[in-house]
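Each remark here refers to the structure printed beneath this line.
The values are calculated or read from the model by the stated rules, or taken from the named source; none is laboratory data. Keep in mind the model is a prediction, meaning the values are calculated, not measured. With ideal geometry, Cβ positions are generated from the backbone for all residues, glycine too; neighbour counts draw on all protein chains shown.
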């Protein structure tokens, strides 16, 4: 007979694993724009990007065209100004919760 004295985790093997999936395409460009945002936030016109394109800080963006980079910058500006897009699942849950609250309160909504 073998007796093991100690914590209960000695009885079970512990295994850990991790998987890193590289970002591709537009997702990778958007992530790079977010990473370089401190340098990119003042670019609001293609001419300004043309001027900044040769700076060493922007070398990482050269794998995409200037047009793609400018569109990603403009998209990020728009997202920051208008706020993020609502999550459709959370929006549906909020509508359902509101419907339940209205039904429980006895209020009748006429459209």
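Brief remarks on what is shown
- Of the residues contained in the stretch 1-18, none is found to be in a loop (DSSP other than H, G, I, E, B), modelled with pLDDT of 90 or more and within 26 Å of the chain's Cα centre (by Cα).
- Residue match in the stretch 40-61 (condition: at pLDDT below 65, under 30 Å from residue 78 (Cβ atoms), within 22 Å of the chain's Cα centre (by Cα) and part of a loop (DSSP other than H, G, I, E, B)): no
- Matching entry among 85, 68, 81 (being modelled with pLDDT of 85 or more and surrounded by fewer than 11 Cβ atoms within 10 Å (Cβ to Cβ)): 81
- Filter pass, residue 55 being loosely packed, with under 10 Cβ neighbours inside 10 Å, within 21 Å of residue 28 (Cα to Cα) and free of Cβ contacts under 8 Å to residues at least 40 places away in the same chain: yes
- Checked against (1) surrounded by 10 or more Cβ atoms within 10 Å (Cβ to Cβ); (2) part of a loop (DSSP other than H, G, I, E, B); (3) modelled with pLDDT of 80 or more, residue 23 meets all criteria but (3).
- Test: residue in the stretch 84-94 that is part of a helix (DSSP H, G or I) and touching a residue at least 12 places away in the same chain (Cβ under 8 Å): no
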